[in-house]
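These notes concern the structure reproduced below.
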């Protein structure tokens, strides 16, 4: 199939999978928006119904910790493709990528201070700097490092976890105080409350966690870079068999490990099983969704919907925070702790559907969302957000989008 101009520089299936991962991320994040980072694990304090508690346990298995890794994988994948474009365009990739990660980290810091403490942009930006040390490595080397870091992190989870002896009084008191503040408080009240934490972690411990965080997150990023080097997802129809095997193996294994992990959450081995099962399930979802997309026509509304959200992923991610904090916090509608798990999940789907419609309409008028454009301007150091001085002798090679 002949390539279109739009498909030359983008791989449509990657945008669509990125959009799919944002749906799962929103479904998980909406629990934090309506119960808080610590409250979502203490639903009894919100008088949740048995049905909502059961639904939460299901989400712990099928969603939590398995959609963010997809986003990490695609971050690594896109990092390599961006670096290739920068090299082919005659720019120095290290400078451009350094600016990009600095902008992401800065945006994440502002996001966490001004709006919400569940930000992912700051750790992604910081991790990006570390990834620059690996981006030139061979796929086999990247795979080895991903496995080593994953095993080390799982072992650390086992070593650090202590079986619960009941609810921590400080955490319980913190969550109880959060209910009136987040549901009725002003913007200033909520911003001040975000500075508090129920955890007694010394300053040295916080510094250590900050230094180790990029390495904890890196396995999925590294796998994404390796996948880009191997040319995965460039020919979806030709790769269907690989998608089928991946989904057939990784989905049941990931679900099984996470299911046992959630069921054994009060033991030392439970969190380890969850930690291992989460990324495996993420890879299973990635393969399964790629398989579905490979059967869709290029004009499919489903493909376009996910692709539109994925192309505006940064704008949509930040807008999800604006929308949900307005719905749940006291300076908005004050729905904090009042919606429930099932209704909240349905609400997330509605919000996502509206974002898909809005993204598709916006992309008919512009090529990039507002925040994507700002990131491009900073990355390329160009006011129009475009690559400059592209040598005619080194055209960007076309990328198959045969869907």
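Considering only residues of the stretch 163-174 that are at pLDDT below 60 and more than 14 Å from residue 41 (Cβ to Cβ), which is surrounded by the fewest Cβ atoms within 10 Å (Cβ to Cβ)? Taking the candidates together, the pick is 165.
Considering only residues in the stretch 89-100 that are buried (at least 16 other Cβ atoms within 10 Å of the Cβ) and touching a residue at least 40 places away in the same chain (Cβ under 8 Å), the one that is nearest to residue 133 (Cα to Cα) turns out to be 97. Scanning the stretch 125-145 for residues that are buried (at least 19 other Cβ atoms within 10 Å of the Cβ) and without any contact (Cβ under 8 Å) to a residue 60 or more places away in the chain yields 125, 128. Within the stretch 135-159, which residues are out of contact with any helix residue (DSSP H, G or I) (no Cβ under 7 Å at 6 or more places or on another chain) and under 17 Å from residue 73 (Cα atoms)? Residues satisfying the conditions are 136, 137, 138, 140, 141, 144, 147, 148.
Would you confirm, using the coordinates I've provided, whether residue 305 is crowded, with 19+ Cβ neighbours inside 10 Å, within 21 Å of residue 120 (Cβ to Cβ) and under 22 Å from the mean Cα position of the chain (by Cα)? Against the criterion (crowded, with 19+ Cβ neighbours inside 10 Å, within 21 Å of residue 120 (Cβ to Cβ) and under 22 Å from the mean Cα position of the chain (by Cα)), residue 305 does not qualify.
Report yes if residue 288 is in a helix (DSSP H, G or I), in contact with a helix residue (DSSP H, G or I) (Cβ under 8 Å, 6 or more places away or on another chain) and either more than 28 Å from residue 122 (Cα to Cα) or touching a residue at least 40 places away in the same chain (Cβ under 8 Å) (or both), otherwise no. Steps first, please.
Values: in a helix (DSSP H, G or I): yes; in contact with a helix residue (DSSP H, G or I) (Cβ under 8 Å, 6 or more places away or on another chain): yes; either more than 28 Å from residue 122 (Cα to Cα) or touching a residue at least 40 places away in the same chain (Cβ under 8 Å) (or both): yes.
So residue 288 fits the description; yes.
Might you let me know whether the stretch 379-401 holds any residue that is modelled with pLDDT under 95, under 26 Å from residue 20 (Cα atoms) and in a helix (DSSP H, G or I)? Within the stretch 379-401, one or more residues are modelled with pLDDT under 95, under 26 Å from residue 20 (Cα atoms) and in a helix (DSSP H, G or I). Being closer than 20 Å to residue 58 by Cα, crowded, with 19+ Cβ neighbours inside 10 Å and free of Cβ contacts under 8 Å to residues at least 60 places away in the same chain holds for only one residue in 283, 256, 250, and it is 250. Being in contact (Cβ under 8 Å) with a residue 12 or more places away in the chain, surrounded by 14 or more Cβ atoms within 10 Å (Cβ to Cβ), within 21 Å of the chain's Cα centre (by Cα) and not in a helix (DSSP H, G or I) is not true of residue 221.
When 318, 314, 303 are checked against the criterion of being modelled with pLDDT under 95, outside any loop (DSSP other than H, G, I, E, B), farther than 26 Å from residue 54 by Cα and out of contact with any strand residue (DSSP E or B) (no Cβ under 8 Å at 6 or more places or on another chain), a single residue qualifies: 303.
The values are calculated or read from the model by the stated rules, or taken from the named source; none is laboratory data. Just so we're clear, the structure is a prediction, and the values are computed from it rather than from any experiment. Quick reminder, even Gly has a Cβ in these numbers, built from the backbone with ideal geometry, and neighbours come from all protein chains shown.
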